[in-house]
Amino acid sequence: MLKKILSHTLIYGLAQQVPKIAALLSLPIITSYLTEADFGVFGIITATVASVSALSNMGLNVIIANVFYKHPHHYKLAWRQLYGFLILWNFIYSILLGVVIYLFIPIEAKQHTWIIIGLNVLPFLLFGPTSLFGQNYYQFKQKPMQIAIRSIVFGLSSVVLNIVLISHYHLGYLGWFISIAFSSIAMNISFWIPLNLKLKITPILLFKRRYIKDSLKVSLPVIPHYYSNYLLSSSDQMVMKLMNVSIDDIGKYNASYMIGNVFQQIGIAAGKAVGPMLYQTYAKNDNHTARKIIFNLQAVFLAITFSVAIWMKEIFSLLIKNDNLASMYSLGVIIVMSYTYRPMYLGANNRLFYIEKTKTLLKITFIAGIFNVVFNFIFIPYFGYQVAAITTFISLMYMGYVGYFLKEFKESNELPYYPLSWMLFTISLTLFAFFSGEFNWVFKIIIIVCTLLLLFFFLKKINQRT
């Protein structure tokens, strides 16, 4: 089981990370042609798009998954109706997205307003939710290579296009938007062909209204759950803009996320890998295996993130050829370590998804997102924009562990997950990594080896408990 988890996580993760790593390696090339303002504009527009992205699928992800596992022989008919509904909805969503971008576009990018809007809404107008259904199909069928190949091919193509547009044509932030739009459209085309022609999962535009209505009753409470991803990862830049933080400082903060974004994607990849496995253990009422999956994955996450975080100063100096941006490495440490919340988060939330306690998710994800926004409004005026990294860390720790204390989770699971022990261990490693930035390389290697041994014994001890 562990071998399968790691192999699927590696496939999903590697597929996501090959273009991400390529993008990081391209930084020494493109950062010479980018300013803090370019990073700031890109960060604000990305945050603006994310502010409404939870509405794109109306929370129907949970219905798509549950129908597949609970009705494996009849899921296609249900999917086709959901597909048709979401195609029509995406026309409305595209208008909403365009209006929001128009309202929040920075003054530094006003001259490209309509180009930016067009590049962001075009994939939705052309293909709607095609990529959503294609990726879910191959994920649930546990065929990660189908997703991996697409991610690598189109991701690398996007990186190459980005380098050309920024370094050769000097398009600045526009290079990012053009390459992202290209990658999204190409990905949708690659899923449309097998989905519609081979699998015959074609949209039914004259869907049964009652079925859609019943589905929305379950899915709509999930929207705040998905919206929390925005509140926790992208809203920082929006809050800074509202509080008149300079575009250059927003750009510096956005640069500090460069490595953190990689680990965010690894967490998403891990969710895709373990999700089907956890659902299978739930169906068999095999809670011991479910817990073993989460514990082993959490240990791997802590080992990797700590090993990277302790070298963050060197990584930033190597990749970012802009002294002002490279100086943000200390924030990068906090951001990278914050994403260690993901495995424990998956352990609680996948269980709640399976038993369809979607309203309970508000107590976890949405409240965590609200905490992050409120803390930013309170503390940024006094401590500066850098404090947003700390508020994000605190909010993600809450989101990762609070689910284990909820009644709904406890009633459906009889095994202890020791969330406090895992959280305290994570906080300790984060502090250690943060204050180790100036140590010499020999001492850092010794710290990593000792930490990995400590993590091994911690995992062994906690697995021995009943």
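Can you tell me how many residues in the range 369-396 are within 22 Å of residue 423 (Cα to Cα) and either small (Gly, Ala, Ser) or in a loop (DSSP other than H, G, I, E, B) (or both)?
Number satisfying all stated conditions: 4.
Can you name every residue in the range 430-458 that is assigned to a helix (DSSP H, G or I) and either touching a His at 6+ places or on another chain (Cβ under 8 Å) or of a type in the set (D, E, K, R) (or both)?
Passing the criteria: only 444.
Could you grab me the full set of residues in the range 161-175 that are touching a residue at least 40 places away in the same chain (Cβ under 8 Å) and either within 26 Å of residue 270 (Cα to Cα) or aliphatic (A, V, I, L, M) (or both)?
Passing the criteria: 163, 166, 174.
Mind checking which residues of the range 71-89 are over 10 Å from residue 58 (Cβ atoms) and touching a Ser or Thr at 6+ places or on another chain (Cβ under 8 Å)? Step through it out loud before you land on a result.
From the range 71-89, those over 10 Å from residue 58 (Cβ atoms) are 71-81, 83-84, 87-88; that's our starting set.
80, 83 - these are the residues of the range 71-89 that are over 10 Å from residue 58 (Cβ atoms) and touching a Ser or Thr at 6+ places or on another chain (Cβ under 8 Å).
Select, from 52, 99, 62, the only residue that is free of Cβ contacts under 8 Å to residues at least 40 places away in the same chain and out of contact with any strand residue (DSSP E or B) (no Cβ under 6 Å at 6 or more places or on another chain).
Values: 52 fails: free of Cβ contacts under 8 Å to residues at least 40 places away in the same chain; 62 fails: free of Cβ contacts under 8 Å to residues at least 40 places away in the same chain.
From the options 52, 99, 62, the qualifying one is 99.
How about the range 124-215: which helices (runs of 4 or more DSSP H) wholly inside it have at least 3 residues that are more than 21 Å from the chain's Cα centre (by Cα) and more than 25 Å from residue 273 (Cα to Cα)?
Here the list reads 144-163, 173-193.
For the range 114-134, check the following and say yes or no: at least one residue is free of Cβ contacts under 8 Å to residues at least 12 places away in the same chain and touching a helix residue (DSSP H, G or I) at 6+ places or on another chain (Cβ under 8 Å).
no
In the set 387, 374, 333, which member is touching a Phe, Trp or Tyr at 6+ places or on another chain (Cβ under 8 Å), of a type outside the set (Phe, Trp, Tyr) and without any contact (Cβ under 8 Å) to a residue 24 or more places away in the chain?
On the way: 374 fails: touching a Phe, Trp or Tyr at 6+ places or on another chain (Cβ under 8 Å); 333 fails: without any contact (Cβ under 8 Å) to a residue 24 or more places away in the chain.
The match here is 387.
Computed from the coordinates by the stated procedures, all read-outs in this text should not be read as laboratory data. If you're wondering where the values come from, they're calculated on a predicted model, not measured in any experiment. Note that we place each Cβ from the backbone using ideal geometry, even for glycine, and neighbour counts take in every protein chain shown.
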